[in-house]
Amino acid sequence: MALELELISPFELAKDFALAVQEYTLLSAQSLANFFRRPLYMADMVQQADLIGFGSLPIVVLTGLSVGALLALNAASTLQRFGGITLIGQLVSIGMVTELGPLITGLMVAGRNASGMASELGSMIVTEQIDAMRALGTDPTKKLITPRIGATAFMLFFLTIIADLLGLIGGYAVAHLIFGLNSQQYWTSVWQILVFRDVFTGLVKPVLFGFIISTVGCYYGISTRGGTQGVGRSTTQAVVASSVLILIVDFFVTKLIFAFFGYR
Amino acid sequence: MSVPTLPIESPAASVAAPSQYAIEFDNVSIAFDEKVVLSGVSFHLHHGETKAIFGVAGSGKSTLLKLAIGLLPADSGRIDVLGDEVTAMSEEQLFELRRRVGIVFQESALFDSLKVFENVGFRLMEEHTPPDEIEHRVREVLRFVELERTYDMFPSELSGGMRRRVAIARAVITQPEVLLYDSPTGGLDPVTSNTIIELIMKQRDVYKTSALLVTHRLQDAFTMATHQFDPATNQMVALPKGQLCDVPMSFLILRDSKVIFDGDAHQLATSRDEYIREYIS
């Protein structure tokens, strides 16, 4: 069989992209509006919170500890040269709470759950289960998408707090066990350096990232076309798109908060 | 394909006035990208009538059913179902209408993460029916399809035929006014197909539900036209030659995105159209 390559014009690609952005925006807006409409599927939301939140806990614990420890390890060698090893707690604290905690947790949860949502909803599309749900008089955006958005945003908030804490513990382990830093010195500097802006930044981001992960995962899931191959494609696209969007949004949110609260 | 001899002498009588159609398609068209699937399709289904829809693969049979309950939007034309204009309704309004219509999908479309009783009782759960009543009604409808033993099983544990029967149970649990069957016997062996047809006949004769039956098995529709369900023996029985079942049965054939035949069994059997004669021979 001869391989046929179909060339798509840039105009068509731009049109498809604009259409996808429009559909994504509409789906996101509709899913958010569903929080204020009945019925609100609380049981489904709790079930999703369990799957997304508690299911992601092991990976968040591991990455949080590792990132905190690595941050301390890499920073310590530089700080030691300038005799500033006591500042290690400040560096780990600022790095984890404002940036790495939310970002790493977001990316980990995106890899695990955006793909899960896309494959689950994609399979339901190709086997006509979504059509069946609509035919049975139930709105799939209310029953399937809104609970996932609520659960992801809610649980990512707490997962990030856990990742931040474990990152600080990882940093402490390195600072204390390898560089011999006093415990009180470490934890005091960790605590003292943090200001409201840092905590606010670190807690706003996971809510936004949770929204991105769930809406992108669900969007690619319900846009699935082309059978099982299409499900695989949607899954990959969901992870790539949500990860890229998280990085982009992270940059702009950080910039915005700096602009609002001023630089340190 | 051999077709049973039709013991038909007169066409089925019309049972309802034009304003009382259960479903009415008026000049409906739909295309996917460049491909026209249905073009200017018009027909109606009387209350209590069963209409079998035929056509080769890709002729738009399943699309027609999805249009009927607004799962797909028509490009043009008007569709009325139970007095509501589907083509002018929002998705929110359609959810209300769909509660009065049951559909059995081609591949059953059971929710694979839910057990059989959750699948069958899905609509009742959504309506917040008390759990005791849900269990009672689910068991009752599972008895109707003779699958009560599957109550606690997952769809993946069922055979293809059992899944279709569970899908029928899910569709009929609220006793909808209209039922839409999308190739309910597709891909099944003849014995299982007969069981499914018997169930559809049972629903038709016991509850007098209006129905659109998409199929590519002509014998299924002819069996439905020439048999009737006997509640006493709980099985279908052949009607005496020349006698039609009490419920009107009609046939619709799609070809090249258009309706080329819409009539009763007598008219179908006596059609002079080359394509139709070849199709039913």
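Entry remark, the range B:233-260: residues being surrounded by fewer than 21 Cβ atoms within 10 Å (Cβ to Cβ) and farther than 25 Å from residue B:275 by Cβ number 12 in total. Being part of a helix (DSSP H, G or I) and β-branched (Val, Ile, Thr) is a condition met by no residue of the range B:247-265.
The single condition from (1) surrounded by fewer than 23 Cβ atoms within 10 Å (Cβ to Cβ); (2) out of contact with any helix residue (DSSP H, G or I) (no Cβ under 7 Å at 6 or more places or on another chain) that residue B:167 fails is (1).
Of the helices (runs of 4 or more DSSP H) lying entirely inside the range A:77-160, the ones with 3 or more residues being within 14 Å of chain B (Cβ to nearest Cβ) are found at A:115-126, A:129-135. Could you tell me which numbered condition residue B:116 fails, if it satisfies all but one of (1) within 14 Å of chain A (Cβ to nearest Cβ); (2) at pLDDT 95 or above; (3) crowded, with 21+ Cβ neighbours inside 10 Å? The one condition residue B:116 does not meet is (1).
Per the listing B:74, B:12, B:57, the residue uniquely surrounded by 15 or more Cβ atoms within 10 Å (Cβ to Cβ), part of a loop (DSSP other than H, G, I, E, B), among the small types (Gly, Ala, Ser) and at pLDDT below 90 is B:12.
Is it true that some residue in the range A:165-175 is part of a helix (DSSP H, G or I), within 14 Å of chain B (Cβ to nearest Cβ) and within 22 Å of the chain's Cα centre (by Cα)? First the steps, then the outcome.
First pass over the range A:165-175, keeping only residues part of a helix (DSSP H, G or I): A:165-175.
Adding the requirement that they be within 14 Å of chain B (Cβ to nearest Cβ) leaves none.
No, the conditions are met nowhere in the range A:165-175.
Applying the criterion of being touching a Pro at 6+ places or on another chain (Cβ under 7 Å) and in a helix (DSSP H, G or I) to the residues of the range A:31-70, the residue that is farthest from the other protein chains (Cβ to nearest Cβ) is A:45.
Select from the range B:120-137 the residues that are of a type outside the set (Lys, Arg), part of a helix (DSSP H, G or I) and within 9 Å of another protein chain (Cβ to nearest Cβ) and list them in ascending order.
Of the range B:120-137, the ones of a type outside the set (Lys, Arg) are B:120-122, B:124-136.
Among the residues that remain, those that are also part of a helix (DSSP H, G or I) are: B:120, B:122, B:124-126, B:131-136.
Selection gives B:122, B:126.
Say whether the condition of being polar (S, T, N, Q) and within 21 Å of the chain's Cα centre (by Cα) is met by at least one residue in the range A:206-214. Walk me through how you get there before you give the answer.
Going through the range A:206-214, the residues polar (S, T, N, Q) turn out to be A:214.
Okay, now just the ones that are also within 21 Å of the chain's Cα centre (by Cα), so A:214.
Scanning the range A:206-214, I find at least one residue that is polar (S, T, N, Q) and within 21 Å of the chain's Cα centre (by Cα), so the answer is yes.
Taking each residue of the range B:186-200 that is closer than 18 Å to residue B:53 by Cβ and assigned by TED's automatic domain parsing to the domain that holds residue B:235 and looking for partners that are in a helix (DSSP H, G or I) and acidic (Asp, Glu) with beta-carbon atoms closer than 6 Å, six or more apart or interchain, yields B:197/B:220.
Looking only at the range B:99-113, filter to residues that are within 7 Å of another protein chain (Cβ to nearest Cβ) and part of a strand (DSSP E or B); which one of those is nearest to the chain's Cα centre (by Cα)? The extreme case among them is B:103.
Could we say that residue B:65 is crowded, with 23+ Cβ neighbours inside 10 Å and in a helix (DSSP H, G or I) here? Spelling it out, residue B:65 is indeed crowded, with 23+ Cβ neighbours inside 10 Å and in a helix (DSSP H, G or I).
The values are calculated or read from the model by the stated rules, or taken from the named source; none is laboratory data. Quantities reported herein were computed from a predicted structural model and do not represent experimental measurements. Every residue, glycine as well, gets a Cβ built from its backbone with ideal geometry; the counts of neighbours run over all protein chains shown.
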